[in-house]
Amino acid sequence: MATDPDEMPAGTPTYRAMREFVESTDGILPGTFEITTEGIVHDLRAPNAPDEFVAHTGKPDVEDPAQGILRRPDLIVLAWADMEGEGSFPPRTLIAAIEIVSRSNPDNDWVSKMRDYPLLGIPIYAVFDPRTGTGAVLSDIHSTPQGPRYATRREFVYGEDVTSSEWTISTEGLPRYEQG
């Protein structure tokens, strides 16, 4: 159930962005999401959550020591069975990585992670950019002379539905960064 922007709770822009994200995942991603002073918390034991997939935020990291890469996506989707063990997730176990572009360092999401995630074998990379109200879903890793890259890029504008694989996420009402 989307929240009317006029009825959004008061708070910082960061809180409002997290609140909109939590609202946008209702019924789309497995489990439940809550907001704490540390950030978004994902409860994997929510009723009706599919047994095979999990959406996970925060730690642990996604790491490939052989490539010399350690990343911490804003949200990852992986099989429940791949949650076993301690430490970083092997990146090839991920189904998707989702990022919300940072106002202070957008090239990290639009350039560096777009290079690193196919190198790590992450099949789907979704980027949401609150600066511009746009985003992209990248998939279909293929080899290039510069290394693995995503072959398919589907751009979207906030307000459109984003479909990737089996999931559709509404971007209606997603918050934008305040102009400042």
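Some observations on this one:
- Using 0.36 nm per residue and subtracting the Cα-Cα separation, the extra length available between residue 103 and residue 179 on full extension is 26.3 nm.
- With both labels modelled 7 Å from their Cα along Cα-to-Cβ, the residue 72 to residue 15 distance reads 2.2 nm.
- Amide H contacts of residue 170 (H built 1.01 Å from N, under 5 Å, at least 5 apart or other chain): 162
The numbers here are math on the coordinates, done by the rules we state, and not lab data. Since the structure is predicted, the reported quantities are computational estimates derived from the model, not experimental observations. Please note: Cβ atoms are built from the backbone with ideal geometry, for glycine as well, and neighbour counts cover all protein chains shown.
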